Amino acid sequence: MSSRLIGVGVGPGDPELVTVKGVNALRAADVVVVPVMDTGERGRAEATVLHYVDAAKVVRVVFALNERTDRARREAAWDAAGARVTGLLREHGCVAFATIGDPNVYSTFTYLAQTVAGLVPGVVVETVPGITAMQDLAARSGAVLTEGTEPLTLVPVTAGESALKEALAGPGTVVAYKFGRRAGEVAEALRESGRLEDAVWGSALGLPEESIRPAAELDGATLPYLSTLIAPPRRDGGRGGKL
């Protein structure tokens, strides 16, 4: 039988936002891998998974998730993680990899799957979608992501300030991921684009330390790295006008 590697999206952190299909995939797998930083603390994915599977089935695999500048170190960590998961696949056959959010949206799973596919000929790679941070923040804050024909632009602020400014100058809603360490620059970009008043940001969604605030309150202080921002366009208040 072919080995199976399944990327399972477990949402932004609230265990209730794991889909039924996601829970079933986690429970059906022989082993559930969770990514951890080399500092060893329990990550958000692991904390979520433990609501649904026994800890004895969970295997921690180190990724250099806290490495932002040393590409060689990141790639060495990915290679080591791929080798570890390859060993688990050969031993067990079906391995689920739990990732926060969705496995096809800025996920560590992408790099893992590429590595494993090169090491395990014929491996079957599957994904189970998960709720994203922008969906959860929209629900918790009341922000509407899109109406009618509006586009939706997702920008990782790690791509640089110019990418965010270009998106904010365009139409539709702009969602910014990973902006916590550049909160001051983001606030200024929102102010320049006229989008500051209606924008909202959130972090640690669904967790005890959750914070959801108007972007107008951003004061330049550093926020959690995985903070999410929603900046809607100005809407005329009509109903159905853009359908």
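Surrounded by fewer than 17 Cβ atoms within 10 Å (Cβ to Cβ) and over 29 Å from P208 (Cβ atoms): is that true of D79 in this structure? Walk me through how you get there before you give the answer.
Details: surrounded by fewer than 17 Cβ atoms within 10 Å (Cβ to Cβ): yes; over 29 Å from P208 (Cβ atoms): yes.
Yes, satisfied.
From the list P208, P233, pick out the single residue that is loosely packed, with under 15 Cβ neighbours inside 10 Å and of a type outside the set (A, V, I, L, M, F, W, C).
On the way: P233 fails: loosely packed, with under 15 Cβ neighbours inside 10 Å.
One residue alone meets the criteria, P208.
Looking at (1) without any contact (Cβ under 8 Å) to a residue 40 or more places away in the chain; (2) hydroxyl-bearing (S, T, Y); (3) open to solvent by 30 Å² or more (accessible area, probe 1.4 Å), find the lone condition where T158 falls short.
(1)
Go over the candidates V120, V124 one by one and state the one that is open to solvent by 20 Å² or more (accessible area, probe 1.4 Å) and over 22 Å from the mean Cα position of the chain (by Cα). Before the answer, list the steps.
Values: V120 fails: open to solvent by 20 Å² or more (accessible area, probe 1.4 Å).
Only one candidate passes the filter, namely V124.
Kindly indicate whether V34 is in contact (Cβ under 8 Å) with a residue 40 or more places away in the chain, touching a strand residue (DSSP E or B) at 6+ places or on another chain (Cβ under 6 Å), among the β-branched types (V, I, T) and buried (at least 19 other Cβ atoms within 10 Å of the Cβ).
Working: in contact (Cβ under 8 Å) with a residue 40 or more places away in the chain: yes; touching a strand residue (DSSP E or B) at 6+ places or on another chain (Cβ under 6 Å): yes; among the β-branched types (V, I, T): yes; buried (at least 19 other Cβ atoms within 10 Å of the Cβ): yes.
In short, yes.
Pairs please, first residue from region 102-126 and within 18 Å of F63 (Cα to Cα), second anywhere and open to solvent by 20 Å² or more (accessible area, probe 1.4 Å) and of a type in the set (D, E), Cβ atoms under 7 Å, 6+ apart in sequence or on different chains.
From region 102-126, the pairs are T115/D79.
The values are calculated or read from the model by the stated rules, or taken from the named source; none is laboratory data. Quick caveat: nothing in here was measured; it's all calculated off a predicted structure. For neighbour counting, all protein chains shown are included, and Cβ atoms are generated from backbone atoms with ideal geometry for every residue, glycine included. The accessibility values were calculated without ligands, DNA or RNA, using every heavy atom of the protein model including side chains. Shrake-Rupley method; radii C 1.70, N 1.55, O 1.52, S 1.80 Å.
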